[in-house]
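Some notes on the structure that comes next.
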2 protein chains.
Amino acid sequence: MPTVSSEELAAAAGVNSAKLRKDFSYLGSYGTRGVGYDVEYLVYQISRELGLTQDWPVVIVGIGNLGAALANYGGFASRGFRVAALIDADPAMAGKPVAGMPVQHTDDLEKIIEDNGVSIGVIATPAGAAQQVCERLVAAGVTSILNFAPTVLSVPDGVDVRKVDLSIELQILAFHEQRKAGEDLAADDVVPPVAAKQPRKGPDGDVPAVMPA
Amino acid sequence: MPTVSSEELAAAAGVNSAKLRKDFSYLGSYGTRGVGYDVEYLVYQISRELGLTQDWPVVIVGIGNLGAALANYGGFASRGFRVAALIDADPAMAGKPVAGMPVQHTDDLEKIIEDNGVSIGVIATPAGAAQQVCERLVAAGVTSILNFAPTVLSVPDGVDVRKVDLSIELQILAFHEQRKAGEDLAADDVVPPVAAKQPRKGPDGDVPAVMPA
DNA sequence: CCATCTTTGTGCACGCGTTCACAAAGGCAT
DNA sequence: ATGCCTTTGTGAACGCGTGCACAAAGATGG
Ligand SMILES: NC(=O)c1ccc[n+]([C@@H]2O[C@H](COP(=O)([O-])OP(=O)(O)OC[C@H]3O[C@@H](n4cnc5c(N)ncnc54)[C@H](O)[C@@H]3O)[C@@H](O)[C@H]2O)c1
Ligand SMILES: NC(=O)c1ccc[n+]([C@@H]2O[C@H](COP(=O)([O-])OP(=O)(O)OC[C@H]3O[C@@H](n4cnc5c(N)ncnc54)[C@H](O)[C@@H]3O)[C@@H](O)[C@H]2O)c1
């Protein structure tokens, strides 16, 4: 029976082995003292706890540059996600195949969500349409949203939103870049715990929506 | 003179006003007691500290579905980023215009980086090519990398990497989704501080690279 | 069956970030 | 000029996650 110790896993993941063991203990994971964790059993347990054993239907709304790229991305299926539908407001796109699947019109959004039991929606529309699309998704039964539009969505309690803002990613890199360049000249300036490393999210989270676009 | 109080900003950003004030104090930001912060001055100070007043040339390597979408994205320019070049290994793509800019071949990668003084690179190649591309970028002088390929890049000290893994974003949503569904049946199960909200990144950070794809 | 060795599971302490709370500062009206 | 009101800037307390350290558990070999 192939096993791994918390020490090995921790080294591979670059974390503390005690933290790893403590985390596993929350899952009720059973290791064997003196031996370690049964790899197969562990993978299964984590997969189940993370929801990877289920098949999650998702819809992508806004099939433009980004939406089409997402639709073509094969990396979702391998993690248990199935693109159930592609939805766009442009009548010219309706019926047009993208990634081997016909684009459907927003008129049918509610029906699509319900028929497929979709609870996760991806928004890749322009910023101006995002809040409205979000509200329709939520009203139709979606309770988790991945938002690519540069807008802060407001949603009722019980709905999760994660925002992917690529500009902010670049900004964070630029920030550190500037620091690297500057520290030669101005030794120790200000800014102690500002903008740490890469913990990415909070309910809203890190980067306050204070800056203009 | 238009001003904002820390209280107003905090409410808008959904954070604690004291934290916001303390953060501003690190920037040496000067507010006026009894009044608040001068909006214009504040925006300028934060922009400068964040490096938004500079023009950052970036290159995108791997002009496929995702790379092309990024190249077409207008949201970067407005934050001070300029796409200096699009680079792809496919000879058939060389010279072909994407987003009004000719795609250049990877053969010229080093020269492009140096000529344009690029310090930030975006990797949108298949996972298999990412590490190799990364090494060439770093060797040519790039010190910050935004990685979209589902691979953990290893880089020398002094080089920053941020990874955007869309599958993990969906997984986190699915995880909470499962929790929502499950808490009706099994009241309070396990898992206390597992998978928090949306702090997204650490040097490597949140999600240990333990799970198989 | 006992001794020994390895590795888990976890109580506890440390450290850090967040939040509270308030004195000081500045504006503004009288 | 004086007093009042608002809001900043920050010292200090709190809370939480992380890491340490160890007792208990189980395997393994004699
Ligand atoms: N392209 C990128 O790399 C990138 C990067 C970061 C963020 N974004 C953001 O992602 C979003 C999409 O970007 P894009 O480049 O794909 O834009 P795009 O203009 O190419 O595509 C937008 C699509 O949304 C559709 N649409 C508009 N209103 C809609 C509605 N109400 N309902 C349904 N569909 C609607 C349009 O018909 C279009 O097909 C934008 O908000 C953009 O800021 C894009
Ligand atoms: N498309 C998405 O929405 C999406 C989402 C998440 C992650 N990703 C990841 O982003 C990467 C790109 O995805 P895609 O859908 O654009 O793939 P793609 O196959 O459409 O594009 C990849 C491009 O990279 C080029 N390329 C290959 N090897 C190269 C090299 N050594 N140097 C330079 N260019 C090279 C190819 O010629 C191609 O144009 C993949 O790693 C994918 O897993 C994509």
Do the sum for the protein assembly as shown: with -39,500 (n - 2.57) for every DSSP H run of n ≥ 4, divided by all residues, what is the mean residue ellipticity at 222 nm, to the nearest 500 deg cm²/dmol? -11500 deg cm²/dmol
Counting only C-alpha contacts under 8 Å and six or more residues apart, can you give the relative contact order of chain A as a whole percent? 13
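Which number comes out as Rg/Rh for the protein assembly as shown once both Rg and the Kirkwood Rh are worked out on C-alpha atoms?
0.97
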Cβ-placed point charges (K, R +1; D, E -1), dipole of the range B:71-138 about Cα centre in debye, nearest 20: 320
Compactness summary of chain A: radius of gyration and Dmax from Cα atoms, Å, are 21.6, 64
Using a 10 Å cut-off around each Cβ of peptide A:47-60, what is the average number of partner chain Cβ atoms that fall inside? 4
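For peptide B:116-129, how many partner chain Cβ atoms fall within 10 Å of a residue's Cβ, on average?
Mean partner-chain Cβ count within 10 Å for B:116-129: 1.
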So for the range B:3-50, averaging the separation of alpha carbon pairs under 8 Å that are six or more residues apart and normalising by length, what relative contact order in percent results? 44
Under the definition of partner shielding as Cβ atoms of other protein chains within 10 Å of a residue Cβ, what is the mean value for peptide A:157-170? 6
Relative contact order, percent, of the range B:64-149 when contacts are C-alpha pairs under 8 Å separated by at least 6 residues? 25
Rounded to whole Hz, the Karplus (6.51, -1.76, 1.60) HN-Hα couplings of the range A:31-41, x for glycine and proline: x, 10, 5, x, 10, x, 10, 5, 4, 4, 5
Least to most buried among B:T151, B:T125, by other C-beta atoms within 10 Å and fewest first, runs B:T151, B:T125
Quick one: with label points 7 Å out along Cα→Cβ, list the inter-copy distances for B:A140 in nm, shortest first? 4.3
Apply the a/c threshold of 1.5 to the C-alpha gyration tensor of the range A:1-103 and tell me whether it is rounded, prolate or oblate. prolate
Quickly work out the B:S78-to-B:V35 label distance, labels modelled 7 Å from Cα along the C-beta direction, and quote it in nm with one decimal. 3.0
Could you tell me how far the Cα centroid of the range B:55-85 sits from the Cα centroid of the range A:68-144, in Å? 25
Report the label-to-label distance for B:D108 and B:R179 in nanometres (one decimal), using points 7 Å from each Cα along the Cα→Cβ vector. 5.0
Label the range A:56-163 by shape, choosing from rounded, prolate and oblate, from the square roots a ≥ b ≥ c of the eigenvalues of the Cα gyration tensor; if a/c is under 1.5 it is rounded, and otherwise prolate applies when a/b is larger than b/c, oblate when it is not. rounded
Amide H to amide H, which residues 5 or more places from B:V83 or on other chains are under 5 Å from it, using H placed in the peptide plane? B:V58
Highest mean first, what order results for B:138-145, B:48-55, B:80-87 on Cβ atoms within 10 Å? B:80-87, B:138-145, B:48-55
At B:A127, label 7 Å along Cα→Cβ: distances to the other copies, nm, ascending? 3.3
Modelled FRET efficiency - R0 60 Å, A:M101 with B:S25, Cβ distances, 0.05 increments: 0.70
Going 7 Å from Cα along the Cα-Cβ axis for the label, what nanometre distances separate A:M101 from the same residue across the other copies? 3.0
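A short reminder: the numbers here are calculations on the coordinates, not readings from a lab. Since the model is a prediction, treat every value here as computed from it, not as a measurement. Positions of Cβ are backbone-derived with ideal geometry, glycine not excepted, and every protein chain shown enters the neighbour counts.
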